[in-house]
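Engineer: One structure coming up, written as structure tokens, with questions to follow.
Read-outs: derived from the displayed coordinates by stated rules, not from any lab. On a predicted model such as this, the values are computed, not experimentally measured, just so you know. FYI the Cβ positions are ideal-geometry reconstructions off the backbone, even for glycines, and counts take in every protein chain you see.
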Amino acid sequence: MKTRTLGSSGVEVSEVGFGVWTLATGWWGEYTDDEAVALLRHARDRGITFYDTADTYGEGRGESLLQKAFGKDDDVVIGTKFGYDIYSPWERKGHVERPHDWTPAFVKYALEQSLRRLGRDQIDFYQLHNPRMDALQDDTLWEYLDGLLQAGTVRSIGVALGPAIGWRDEGVWVANNRPVHAMQVIHNLLEQQPGREFIANATANGVSIVARVPHSSGMLEGRYTTETVFAENDHRRHRTKGWLVDGVQKVEAVRFLETPERTLGQSAMQWLLHEPAVATVLPNIYDVAQIDEFAATSETPPVTDEEFARVEALWETGFDIEPYAGDDATVLLGELARG
């Protein structure tokens with residue numbers, strides 16, 4: 001497994017990381033603690049050293065799982081996030097966002113709780129979780145974060161953005177105006193905006209990109225068909241039929257990236273790693289087979305300049321497909337599955 005560095009921080013991360021949200025949140029299936037720990041340890045055995053979580057994932061469960069899996073293993077690099085108040089009473093209503101608290105007093109408390117759950121004295125990569133402009137432009141907050149860096153309590157600072165809630169404007173502004181080491185964003189070859197803009201601004205300022213959802217919610221693993229049905233607790237049941245049909249067509253347009261030496265899923269990650277600004281890629285991981293495939297990406301042939309240019313040309317033409325316009329184009333896949 002090759003490594004890259006988060007900006008100027010000196011923090012080295014494996015080119016392929018593990019986003020713990022799949023194990024801790026219940027949106028990608030249910031895992032017992034033993035099942036989750038076994039997957040995390042298998043990933044470590046395959047060379048994955050970077051693990052990304054947040055205090056909100058399972059109300060701290062993601063951090064606790066990492067402590068159970070790795071303890072104080074110095075070779076494991078951990079990123080976590082802060083900003084949402086998970087400690088005050090709050091009633092979840094659908095996908096309504098819980099309140100943020102960016103005061104230094106709250107950040108101090110949240111950091112202490114994360115360190116306790118992780119069983120560590122230091123956090124390698126500490127990220128503002130879906131911040132808006134008020135947090136990004138709060139000098140008091142950033143002075144406090146700089147103090148954490150100087151004290152060695154955190155090794156690098158970043159922002160985890162969007163989509164939709166705190167996203168394009170925030171990403172461009174923070175890359176140009178704050179000393180962040182990295183930005184975690186959604187970016188993949190089917191969903192290139194605003195990621196392309198983020199990469200341009202990050203590159204100009206020595207900021208790294210942590211790319212999540214590299215397979216466009218599984219689409220670029222190349223296993224979906226227009227008849228795919230997702231499980232009851234799978235968040236993709238809330239997507240539309242149009243998303244599925246259009247996505248399958250686009251995947252066929254980029255099948256040329258798949259070679260005997262590189263699966264389509266590996267190719268999608270190598271496409272991201274073609275950008276020097278991309279430090280690590282966080283695929284959604286559900287099982288051992290995916291770990292084995294994705295962790296081997298570093299060993300596969302990189303995407304060539306010619307292949308990268310072909311994808312660029314396809315992006316400019318909308319992948320040369322006719323958008324799906326069937327009567328059920330906007331019907332949720334979960335509704336279709338129920339008949």
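Engineer: How far apart, in nm, are the 7 Å Cα→Cβ label points at residue 238 and residue 196?
Structural biologist: Taking the simple label geometry, residue 238 and residue 196 are separated by 2.9 nm.
Engineer: Now for a different question. Pull out a ≥ b ≥ c, the square roots of the eigenvalues of the alpha-carbon gyration tensor of segment 79-187, then state rounded if a/c is under 1.5, prolate if not and a/b is larger than b/c, and oblate in the remaining case.
Structural biologist: Details: a/c = 1.56, a/b = 1.06, b/c = 1.47.
Because a/c hits 1.5 or more and a/b fails to exceed b/c, segment 79-187 counts as oblate.
Engineer: Just how large is the dipole of segment 47-103 about the Cα centre, in debye to the nearest 20, putting +1 at every Lys and Arg Cβ and -1 at every Asp and Glu Cβ? Before the final figure, lay out each step's value.
Structural biologist: Details: 7 positive and 11 negative charges, 44 e Å.
In total the dipole reaches around 220 debye.
Engineer: Compute the helix-to-body angle for 241-253: its Cα long axis versus the longest principal axis of the chain, expressed 0 to 90° and rounded to tens.
Structural biologist: 80
Engineer: Please work out the FRET efficiency for the pair residue 313 and residue 35, using the Cβ-Cβ distance as r and a Förster radius of 41 Å; give the result to the nearest 0.05. Provide the component values of the computation, followed by the final result.
Structural biologist: Values: r = 43 Å, r/R0 = 1.04.
Efficiency, rounded to the nearest 0.05: 0.45.
Engineer: Now for a different question. State the Cα centre-to-centre distance between segment 251-296 and segment 84-130 in whole Å.
Structural biologist: With segment 251-296 and segment 84-130 each reduced to a Cα centre, they are spaced 31 Å.
Engineer: If you find the alpha carbon centre of segment 1-60 and of segment 138-210, how far apart are they in angstrom?
Structural biologist: With segment 1-60 and segment 138-210 each reduced to a Cα centre, they are spaced 19 Å.
Engineer: If a/c stays under 1.5 just call it rounded; otherwise compare a/b with b/c (prolate if a/b is bigger, oblate if not). Do that for segment 216-339, with a ≥ b ≥ c from the square roots of the Cα gyration tensor eigenvalues.
Structural biologist: Numbers: a/c = 2.46, a/b = 1.43, b/c = 1.71.
Taking the square roots of the gyration eigenvalues as a ≥ b ≥ c, segment 216-339 is oblate.
Engineer: With +1 on each Lys and Arg Cβ and -1 on each Asp and Glu Cβ, how big is the dipole of segment 14-122 about its Cα centre, in debye rounded to the nearest 20?
Structural biologist: Values: 14 positive and 19 negative charges, 22 e Å.
I would put it at about 100 debye.
Engineer: Moving to a separate point now. Run down the lysines and flag those whose C-alpha is under 24 Å from the C-alpha of residue 81, throwing out any fewer than 8 positions away in its chain.
Structural biologist: 68, 72, 93, 108
Engineer: Ok, one more. Modelled label-to-label distance, residue 229 and residue 96, 7 Å Cα→beta-carbon offset: nm?
Structural biologist: With each label point 7 Å from Cα toward Cβ, the separation is 3.4 nm.
Engineer: Separate question: For a quick check: sort 199, 165 by the number of other beta carbons within 10 angstrom, fewest at the front.
Structural biologist: Numbers: 199 23, 165 12.
By the 10 Å Cβ count, ascending: 165, 199.
Engineer: Could you tell me which residue out of 303, 285, 271 lies farthest along the dipole of segment 264-339 toward its positive end? Charges go on the beta carbon: Lys and Arg +1, Asp and Glu -1, centred on the Cα centre.
Structural biologist: Positive-most Cα among the choices belongs to 285.
Engineer: Next question. Give me the extension gain from residue 287 to residue 122: residue separation times 0.36 nm, minus the current Cα-Cα distance, reported in nm with one decimal. Mind showing how you got there, number by number?
Structural biologist: Details: separation 165, 0.36 × 165 = 59.40 nm, distance 2.90 nm.
In short, 56.5 nm is gained.
Engineer: Here is a follow-up. Label residue 72 and residue 108 with points 7 Å out from Cα along Cα→Cβ: what is the distance between them in nm?
Structural biologist: The answer from the label model is 2.5 nm.
Engineer: Apply the a/c threshold of 1.5 to the C-alpha gyration tensor of segment 153-285 and tell me whether it is rounded, prolate or oblate. Walk me through the numbers before you get to the answer.
Structural biologist: On the way: a/c = 2.20, a/b = 1.64, b/c = 1.34.
Because a/c hits 1.5 or more and a/b exceeds b/c, segment 153-285 counts as prolate.
Engineer: Let me ask another. Among 253, 140, 151, flag the residue with its Cα farthest along the positive direction of the charge dipole of segment 134-259, charges on Cβ as +1 for Lys/Arg and -1 for Asp/Glu.
Structural biologist: It is 253, whose Cα lies furthest towards the positive end.
Engineer: In addition: Using the charge dipole of the chain (Lys, Arg: +1 at Cβ; Asp, Glu: -1 at Cβ; taken about the Cα centre), state which of 16, 180, 111 has its Cα farthest towards the positive end.
Structural biologist: 111
Engineer: Please determine, in degrees from 0 to 90 and to the nearest 10, the orientation of helix 264-273 with respect to the longest principal axis defined by the Cα atoms of the chain, where the helix direction is its Cα long axis.
Structural biologist: For 264-273 against the chain, the angle is about 50 degrees.
Engineer: Measure nothing fancy, just the Cα-based angle from helix 33-45's long axis to the longest principal axis of the chain, in degrees from 0 to 90, nearest 10.
Structural biologist: It works out to around 80 degrees.
Engineer: Oh, and also: How big is the charge dipole of the chain about its Cα centre, in debye rounded to the nearest 20, if each Lys and Arg gets +1 on its Cβ and each Asp and Glu gets -1 on its Cβ? List each step's numbers first, then the result.
Structural biologist: Numbers: 32 positive and 53 negative charges, 108 e Å.
Value, rounded to 20: 520 debye.
Engineer: Still on this structure, please answer the following. If you compute P(r) over Cα pairs in 10 Å bins from 0, in percent for the structure shown, which of (i) 5, 25, 35, 25, 9, 1; (ii) 6, 24, 31, 23, 12, 4, 0, 0; (iii) 6, 29, 37, 22, 6, 0 do you land on?
Structural biologist: This structure yields the entry labelled (i).
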